[in-house]
Structures are given as C-alpha cells and as structure tokens.
Amino acid sequence: MVLDAGALVAVDRGDRRVGAMLRVAWASGVPVRASAGVVAQVWRGGPRQARLARVLAGVAVRPLDAPDARRVGAVLAATGARDVVDAHVAVGTATGDHVLTSDPDDLRQALDALGVQAILVRV
C-alpha cells in the first residue's frame with residue numbers, strides 16, 4: 001500500500017476509513033510505504049500531529065535519491081506535469097499496489113507513463 005499526501009492528511013484529521021484501511025494492511029502483513037516528499041508536505045511536528053507520528057512509525061519512507069530523481073524527471077518530461085512529489089509517489093509504486101490518494105487523476109497519468117497498473121483509492 002502506498003500513501004500520498006492526501007492519505008496522510010486524512011490520517012492527521014482522524015479519518016476512520018483511512019485508519020481502518022491501514023489497520024487491515026498492517027494486520028495482513030502488507031507493507032505500507034510513502035515518499036519522503038509526501039511526509040515533508042504534511043509534517044509540521046508537535047503534539048497536534050501525534051496520530052500522524054504513530055502512523056508514520058509503521059510506514060516505510062522512500063528517500064528521493066539520485067536514481068529516483070532521474071526517474072521522477074523522466075516521468076515529468078513524459079507527462080508534462082510539474083509535481084515532483086506525485087511523480088515520486090508513482091516511482092515508488094508497483095503494479096498491483098493500492099495507492100491511497102486525494103489526487104487520482106494526476107497520479108494515474110504518472111503511473112501510466114511508467115507502465116504501472118496500480119489500484120487508486122480516493123481518500
């Protein structure tokens with residue numbers, strides 16, 4: 001399972017549906033991942049984000065390293081998009097993954113450019 005910024009915002013706001021999906025994933029042994037850029041978009045720190053901090057403890061955060069940066073650039077060139085974080089989410093997604101997203105249209109475009117068939121779940 002892959003989380004975009006919208007999914008983490010939903011967690012931060014106490015969205016029960018997203019929380020339930022995460023609990024099922026973890027109970028089933030499904031790895032939950034997010035892009036470092038996604039975390040940067042939503043993390044502000046402090047006690048008000050305690051719920052988000054607990055969830056992030058169980059999320060593998062993919063760094064934006066040099067190879068990923070080149071793949072992200074290629075996705076942006078192929079799609080004409082500008083959102084580096086959406087492209088990095090797509091780069092970290094594999095065929096068959098469920099992606100919890102508030103922006104399925106832009107993410108679909110990036111996934112299509114990569115040839116990745118993922119299941120987008122709007123949150």
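Values in this text are rule-based calculations from the coordinates and carry no lab data. Not measured: the values here are computed from a predicted model. Note that each Cβ is placed from the backbone with ideal geometry, even for glycine, and that neighbours are counted across all protein chains shown.
Here region 2-122 is treated with +1 on each Lys and Arg Cβ and -1 on each Asp and Glu Cβ, and its dipole about the Cα centre works out to around 540 debye.
Between the entries (i) 150; (ii) 93; (iii) 110, the label attached to volume of the Cα convex hull per residue in Å³ calculated for this structure is (ii).
At 222 nm, what helix-only mean residue ellipticity would the chain give, in deg cm²/dmol to the nearest 500, using -39500 (n - 2.57) for each DSSP H run of four or more?
Details: 7 runs with 67 residues, N = 123.
That comes out to -15500 deg cm²/dmol.
Taking Ala40, Ala94, Ala66 as the candidate residues, the one with maximal mean-square fluctuation in a Gaussian network model of the chain, Cα springs under 10 Å, is Ala66. With the simple model of a label 7 Å out from the Cα in the direction of the Cβ, Gln41 to Ala27 spans 2.9 nm.
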